[in-house]
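Worksheet: the structure to be examined is printed underneath.
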Amino acid sequence: MYSKEEAKRLKENFWTTFGQYMSAVPSADGDKVNWVNYKTGVKDLYFRMDATNKSAHIFIEITHPDSSIRQLIFDQFKELSHILHDTLQEEWEWDEVYYDESGKQTARISTSYNQKISIFNKDQWPDLISFFKPRLIALDEFWSMAKYSFEIFK
């Protein structure tokens, strides 16, 4: 078991390592991008990654406080779902209503690592990177094509 400080340091080390690993990868538009803190340019719309002592997830999260606007953004993703699926080359879970760890209502499109994995086990970091990297690159490729459909929400 790790202390709170040790756990925080290990997580920070993983994300720093992942960021350094991805730093040489240009975005689909050819720009330099901060892969760990990916910016969609749309308020309350995020591409996020999470890893714990048991699992790993990557997701599109819509956090707009107005549920009707959140629904409109989610519906726009549904309209573009064929492009998203073709780019990701896998099915993701679609949750129109999702409650995050603090109980806040959001909308989420996500996928998870299909086996138990821990960010606290450095031997599993290559597996985590192999999980996150192609999906994040695919999300960026999708976003390069789709972001103009979300201009109204900026």
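General remarks:
- Number of positions in the stretch 10-36 that are touching a residue at least 12 places away in the same chain (Cβ under 8 Å), assigned to a loop (DSSP other than H, G, I, E, B) and not aliphatic (A, V, I, L, M): 5
- With respect to (1) modelled with pLDDT of 95 or more; (2) farther than 29 Å from residue 117 by Cα, the lone exception for residue 19 is condition (2).
- Test for residue 53: is it surrounded by fewer than 16 Cβ atoms within 10 Å (Cβ to Cβ) and more than 22 Å from residue 98 (Cα to Cα): no
- In the stretch 112-136, residue farthest from residue 38 (Cα to Cα) [restricted to those that are among the β-branched types (Val, Ile, Thr) and surrounded by 17 or more Cβ atoms within 10 Å (Cβ to Cβ)]: 117
- Output for the stretch 1-16, where each listed residue is modelled with pLDDT under 95 and polar (S, T, N, Q): 3
Residues are listed down the side, and each one gets a yes or a no for (1) of a type in the set (Gly, Ala, Ser); (2) surrounded by 12 or more Cβ atoms within 10 Å (Cβ to Cβ):
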{"residue": "7", "(1), (2)": "yes, yes"}
{"residue": "57", "(1), (2)": "no, yes"}
{"residue": "91", "(1), (2)": "no, no"}
{"residue": "105", "(1), (2)": "no, yes"}
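- Among (1) closer than 27 Å to residue 116 by Cα; (2) without any contact (Cβ under 8 Å) to a residue 12 or more places away in the chain; (3) not aliphatic (A, V, I, L, M) - the single one residue 66 does not satisfy: (1)
- Of 40, 63, all but one fail to be within 24 Å of residue 102 (Cβ to Cβ), hydroxyl-bearing (Ser, Thr, Tyr), out of contact with any strand residue (DSSP E or B) (no Cβ under 6 Å at 6 or more places or on another chain) and surrounded by 15 or more Cβ atoms within 10 Å (Cβ to Cβ); the exception is 40.
The values are calculated or read from the model by the stated rules, or taken from the named source; none is laboratory data. Nothing here was measured: the structure is a model prediction, and the numbers come from that model. No Cβ is skipped: glycine too gets one built from the backbone with ideal geometry, and neighbour counts run over all protein chains shown.
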